[in-house]
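Structure record follows, encoded as structure tokens.
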Amino acid sequence: MNYYALLDEIKQYVTNFFHTHPNDKIIYHNQVHTENVVNAAIEIANHYRLNDQDYFIVVTAAWFHDIGYYTDPARHEEKGAEEVSLFLNRKGVDEKVIQTIANCIRATRMPQNPETMLEKIVADADLYHLGTSKFSEFNKELRKEFIALHNIDLSKEEWRNKTIRLLETHQYHTDYCRLLLSDTKARNLEKIKAKVAGKNPEVKNAKPVIPPVTAVQQPAAKPKVKPLLPELVDEEKLKRKNRPDRGIETMFRITSANHQRLSDMADSKAHIMISVNSIIISILLSVLLKNLEQFPQYTLPALTLLTISLVTIVFAILATRPNIPRGTFTQTDINEKKVNLLFFGNFFRMSMEDYTSGMLQMMEDRDFLYRSLIKDVYSQGVVLGSKYQRLRISYNVFMYGLIISVIAFSIAAIVTT
């Protein structure tokens, strides 16, 4: 089954559903929220490199998880599971896959208690916003929707207390979201607690107001003035402080995983070319070439097809053939930050002590570490580019060569008759 084509149909179906079922009361659980959850599910799924079927399950569940709000808000998870089952049954999807998607949707019910990895991904995608900078904006929309749907005049104070309880009891279920979002979620919680306590975190560092000295007061000693924001003096330090380290690390992790996935796809395509053309060469050598004395008119077409298959295999092998560097580095390479210790080809001939020493030096140097990550991603991209270029040549030779061979065999047959 072509899951990716079916995902396009699902996207179109759910989008049309939102357009044809307008509801002014549903301010938060609408198309925008659904698309945000889908994007979060795709991000998490790509990190864990799910296979095509699991990827389809997660993304489909994300599209349908809140569609039930438009028919029965109190049982929207169950309604979403029923809706996706009806849609996928019409498309001939396997019943086991449909049931897994329905379970993923049910796993978003609060309080969340997902069991499988796929359920955990969908559950975390649904509450992904708790650990983002847009949490406050989404939380306001959610309060407005709650008031509209339940006809309850819920004060801001009551809503903040409910939100605090949610943030304190909620935990992300995947390692990816725990590492990426937990810190920001904790900061969001502290901001709400500060508001409840009547504090304003934005004026936390405000300059204190010193009351004027009156005539009856004794002269006070002049206080030592310290800069309120020393980071402003050092712009470079402030820039480092504001750099989103966790986001940078996540970017490197996702990019590397995507490159690896593309590399696996290229290897798989090359394997197909090698297998198919090996069969063609075997048939040509065992059957056709032995009978060329009886059918000399097929000599040229047969040799053409044999050459094409051979060239195709050569380029497919070149696309997958590993290129191993010398496997050593020097202390000078470490000091000048030239070597990438994250690639095995640069250290596999070195001793454990030398490699450990180099890694420790790299981990203590922020600039060296990020340069190594950049080199690693760049090297993967260069290898991928070379691999796909050779693979493209292999496919082009096979495609056009096969056409030429078929034409040649047809002409030979026509001439014979």
Applying the selection to segment 111-131, what residues are outside any helix (DSSP H, G or I) and in contact (Cβ under 8 Å) with a residue 24 or more places away in the chain?
PRO111, GLN112, PRO114, LEU127
Residues being in a helix (DSSP H, G or I), in contact with a Phe, Trp or Tyr (Cβ under 7 Å, 6 or more places away or on another chain) and not polar (S, T, N, Q): count how many of those fall in segment 7-36.
5
Can you name the residue in segment 162-190 that is of a type in the set (A, V, I, L, M) and over 17 Å from ILE44 (Cβ atoms) and is also surrounded by the most Cβ atoms within 10 Å (Cβ to Cβ) among such residues?
LEU167
Can you tell me how many residues in segment 267-309 are part of a helix (DSSP H, G or I), without any contact (Cβ under 8 Å) to a residue 24 or more places away in the chain and of a type in the set (D, E, K, R)?
1
Can you give me the number of residues within segment 371-417 that are exposed (fewer than 15 other Cβ atoms within 10 Å of the Cβ) and not aliphatic (A, V, I, L, M)?
11
Checked segment 277-301 for anything touching a Phe, Trp or Tyr at 6+ places or on another chain (Cβ under 8 Å) and either surrounded by 15 or more Cβ atoms within 10 Å (Cβ to Cβ) or within 21 Å of PHE398 (Cα to Cα) (or both); matches are ASN277, LEU288, TYR298, PRO301
Tell me whether segment 345-363 contains one or more residues that are touching a residue at least 40 places away in the same chain (Cβ under 8 Å) and in the same structural domain as ASN277 (by TED's automatic domain parsing).
no
Here the residues within segment 97-110 that are in a helix (DSSP H, G or I) and either among the polar types (S, T, N, Q) or closer than 16 Å to ILE121 by Cβ (or both) are VAL97, GLN99, THR100, ILE101, ALA102, ASN103, CYS104, ILE105, ARG106
Filter result for SER85 (hydroxyl-bearing (Ser, Thr, Tyr) and assigned to a loop (DSSP other than H, G, I, E, B)):
no
Looking across segment 51-72 at residues that are within 20 Å of ASN2 (Cα to Cα) and in contact (Cβ under 8 Å) with a residue 60 or more places away in the chain, the single one that is surrounded by the fewest Cβ atoms within 10 Å (Cβ to Cβ) is ASP54
Quick check: anything in segment 112-135 surrounded by fewer than 17 Cβ atoms within 10 Å (Cβ to Cβ), hydrophobic (A, V, I, L, M, F, W, C) and farther than 29 Å from ASN23 by Cα?
yes
Test ASN396 against the criterion of being under 24 Å from SER268 (Cβ atoms), without any contact (Cβ under 8 Å) to a residue 12 or more places away in the chain and in the same structural domain as ILE254 (by TED's automatic domain parsing), and give yes or no.
yes
Is at least one residue of segment 148-161 more than 22 Å from ALA41 (Cα to Cα), in a helix (DSSP H, G or I) and in contact (Cβ under 8 Å) with a residue 40 or more places away in the chain?
yes
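The values are calculated or read from the model by the stated rules, or taken from the named source; none is laboratory data. Fair warning: this is a prediction, and the values are worked out from it, not measured in the lab. We place every Cβ from the backbone using ideal geometry, glycine too, and count neighbours over all the protein chains shown.
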